[in-house]
Amino acid sequence: NLDDLLRFDIEPSISLITQRGCPFSCYFCANDRLFDRLRQRSVEKVVEEIRHLIATHNCRNFYFHDNIISIKLPRFHQLLDQITPLGVEWFAYDDCRAEYSVEEYRHWYEAGCRVIFLGVESGSDRLLKLMNKKQTKEKIRITIRNMEAAGIEARCALLFGYPGETRETWEETRQLVEELHPAQVFVNYFVPFVGTDVFERPQDFGITEMDKEFDNHALINKDGYGIGTFSTD
């Protein structure tokens, strides 16, 4: 339902962060260098903040900006159990590694989850392996289908142009998106940001030339397009 998707963009909403860092090491991401470890706020402090925002701003729509909201599932379940009685609705970021069941996602929905933004990146198993993503096309299928069966809308991020991308791998991605038909899809042009494995070891990824003009290093520029910043073999 488009109205449900847009509610977070129209009604008063506030962003929260309950944890910083990520235990994974995707080659296109610098999180493991920005944050040397996963750091988590206590569930009690997070719930205290939500209660404060409800009381002072009458805000009942929240964006959780954690990289992967469910990364420590027992802690996440504690958070779900404590926010369920508050009657809030929320949007969060997650991935497709875990293959959670429909019943698991129903727990999220009952706690107010309405939209999950997924780092799908690609519909090609070969490319996902080159990214060190540790997820597969089948895990993506299971995740999106189970989420939607529980009533949660899926928004998906795709990464176009990663080293090793071909017409065939992009066709695999297109076909997977058409098969699953998520509520929204965002396509980002791949940029090897400073600190990522691709930037630090370009030769290992078949990169023969890289643009060091960092003004060009934007997923989407001011004109709404991605800019190629490297050449491959």
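The values are calculated or read from the model by the stated rules, or taken from the named source; none is laboratory data. Here the structure is a predicted model, which means the values were calculated and not measured. Don't worry about glycine lacking a Cβ; one is built from the backbone with ideal geometry, like all the others, and counts go over all protein chains shown. Just so you know, the surface numbers come from the protein's heavy atoms only, side chains and all, with ligands and any DNA or RNA stripped out. Shrake-Rupley method; radii C 1.70, N 1.55, O 1.52, S 1.80 Å.
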Among the residues of the range 175-220, the number that are open to solvent by 40 Å² or more (accessible area, probe 1.4 Å) and farther than 30 Å from Arg114 by Cβ is 14
Examine the range 36-49 for a residue that is in contact with a helix residue (DSSP H, G or I) (Cβ under 8 Å, 6 or more places away or on another chain), open to solvent by less than 80 Å² (accessible area, probe 1.4 Å) and in contact (Cβ under 8 Å) with a residue 40 or more places away in the chain, and state whether such a residue exists. no
Residues in the range 165-202 that are of a type in the set (Ser, Thr, Tyr) and not in a loop (DSSP other than H, G, I, E, B) total 3
Taking the range 73-98, which residues are of a type outside the set (Phe, Trp, Tyr) and either in contact with a strand residue (DSSP E or B) (Cβ under 7 Å, 6 or more places away or on another chain) or at positive phi (or both)? Arg75, Gly87, Val88, Glu89, Ala92, Asp94, Asp95, Cys96
Could you tell me which of the residues Lys134, Lys139 is open to solvent by 70 Å² or more (accessible area, probe 1.4 Å), touching a residue at least 40 places away in the same chain (Cβ under 8 Å) and within 15 Å of the chain's Cα centre (by Cα)? Lys134
